[in-house]
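Asker: For reference, the structure I am asking about is given below.
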Amino acid sequence: MAETRSSPEVITASLPAFEVQCEKKFKYCDVSNFTHIVVHLSDTAIRNLKNNTNSNADPSRIDNEDYLDIIGKMLSVTFFGNENQLEWLDTERVGRRKFVAFTNIEKKKNGAQSQSPSSGKLQVAEVMFMRTSPRDTQKIFWRPARATVLQRVQIRVCDLVEMVRVMRIRSNVVPRRKGPASA
């Protein structure tokens with residue numbers, strides 16, 4: 001007779017972490033201080049990632065937010081030890097590459113981003129996927145963001161801060177009711 005369970009058990013598969021590499025001069029850098037991580041994605045990197053994670057995702061469907069969420073969770077596990085610390089911020093295509101920005105929500109909660117982004121509070125890392133065989137652990141290489149990447153993240157964060165400010169102002173404005181028209 002088949003065994004029955006009285007209560008359903010939730011089975012969660014843990015996401016694999018990437019093998020991380022960086023230049024020797026950044027080896028002891030505290031990655032927990034990153035406010036944002038920008039990932040370089042090409043179709044080749046997506047295929048390698050798909051092969052290494054046994055995902056059925058189509059590389060041409062990289063715009064799919066679910067797929068970006070999986071990449072964010074895997075990076076979050078790699079850098080911060082939990083899968084819920086990175087949140088998708090924006091995606092931008094430049095040539096044959098996509099740059100996907102994630103926000104460290106722990107830094108967001110602590111107010112590291114509440115100041116003006118131009119004040120130097122943002123610490124952005126760029127992450128590139130390295131070529132590996134399907135049997136190897138996927139390797140990533142990180143470095144501090146170049147000036148152009150940092151500037152694009154600052155612009156996006158400024159846009160979001162401004163949008164939140166405008167929405168707060170609009171939510172505080174109570175529309176006046178017009179009385180009956182006098183003849």
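Asker: Within segment 17-37, is even one residue modelled with pLDDT under 60 and open to solvent by less than 50 Å² (accessible area, probe 1.4 Å)?
Answerer: The first filter runs over segment 17-37 and keeps only residues modelled with pLDDT under 60, leaving none.
Checking segment 17-37: not a single residue is modelled with pLDDT under 60 and open to solvent by less than 50 Å² (accessible area, probe 1.4 Å).
Asker: What pairs come out if I take residues in segment 149-167 that are in contact (Cβ under 8 Å) with a residue 40 or more places away in the chain and at negative phi and pair them with residues that are surrounded by fewer than 15 Cβ atoms within 10 Å (Cβ to Cβ) and not hydroxyl-bearing (Ser, Thr, Tyr) whose C-beta lies under 8 Å away, six or more apart or interchain?
Answerer: That search, which allows pairs on different chains as well, returns Arg152/Glu92.
Asker: I need the full set of residues from segment 65-107 which are open to solvent by 30 Å² or more (accessible area, probe 1.4 Å) and among the aromatic types (Phe, Trp, Tyr), in order please.
Answerer: Scanning segment 65-107 gives Phe80, Trp88, Phe99.
Asker: In addition: Show the residue pairs meeting these rules: Cβ distance below 9 Å; 6+ apart or different chains; first residue within segment 120-134 and open to solvent by less than 10 Å² (accessible area, probe 1.4 Å); second residue basic (Lys, Arg) and not in a strand (DSSP E or B).
Answerer: From residues that are open to solvent by less than 10 Å² (accessible area, probe 1.4 Å), the pairs are Glu126/Arg146.
The values are calculated or read from the model by the stated rules, or taken from the named source; none is laboratory data. These numbers were taken from a predicted model, which means no experiment stands behind them. Note: ideal-geometry Cβ built from the backbone for every residue, glycine included; neighbour counts use all protein chains shown. The accessibility values were calculated without ligands, DNA or RNA, using every heavy atom of the protein model including side chains. Shrake-Rupley method; radii C 1.70, N 1.55, O 1.52, S 1.80 Å.
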